[in-house]
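Beneath this line is the structure, given in structure tokens, with notes to follow.
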Amino acid sequence: MTKLLFLTLLFLALRVTGLAIGPEQPIAITEISKVAFAKGILPIKFHKDAAIKKVNGEVLLHAKCARLKDVVKNGDYYEEYKYIGDWPENHRLHVVDKVELNGHHCVIVDCRKGCKSYLLNGTPYLSKGMLINFNESETTDLQGGIYIWKITPNELKQSGYIRLPGNQQAREVRFSADGSHLLFQDMTNRFWSVKLS
């Protein structure tokens, strides 16, 4: 009975502190030095296409895609769209920041096969056919986490979610040389490595 109680309490403690995802996958997060972080590779920069313009509050991405138009209510912006750039490999994945009264999201518009849109809860970071974003939603019950997206020939596919302990957010992001780890500096100037696969 005591052993069962101990195991139950241990399991609950791991779930509450965010040290486990689901029933079987533990988080592989390690604190690292500033020097180790500095050795990481910067995310791939998005390419700014000079042809993509914002006209009369509308971001004009592709003729066949729905327009991303600012919404103004009572003289204030309710939703405002700002073009960030394109995936540099083929310029058919467009990244647009959607600024709202209580925070922001990023919209990825995939024009490779039609016009499919993805709404991300944070700024995307790009590395070797993969895109990641931290959960940056502005809610009172914010749980730190990392969404992992695989860029396939036909779509963006969410391939994982890593729940982080507490409310960790990224100030700066890098990747390990082989792309297997995400390196980030948090808001308290501590440095972390998270295994992505």
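The values are calculated or read from the model by the stated rules, or taken from the named source; none is laboratory data. On a predicted model such as this, the values are computed, not experimentally measured, just so you know. Virtual Cβ from ideal backbone geometry, glycine too; neighbours counted across all protein chains shown.
Of all residues in the stretch 120-162 being modelled with pLDDT of 85 or more and among the charged types (D, E, K, R), which is farthest from the chain's Cα centre (by Cα)? Going through the qualifying residues, I end up with E155.
Of all residues in the stretch 126-133, none satisfies being of a type in the set (S, T, Y) and surrounded by fewer than 18 Cβ atoms within 10 Å (Cβ to Cβ).
Scanning the stretch 153-179 for residues that are surrounded by 13 or more Cβ atoms within 10 Å (Cβ to Cβ) and in a loop (DSSP other than H, G, I, E, B) turns up E155, L164, P165, N167, Q168, Q169, S176, G179. Scan the stretch 91-115 for residues that are of a type in the set (A, V, I, L, M, F, W, C), part of a loop (DSSP other than H, G, I, E, B) and under 25 Å from K73 (Cα atoms) and jot them down. Listed by number, the list holds a single entry, L101.
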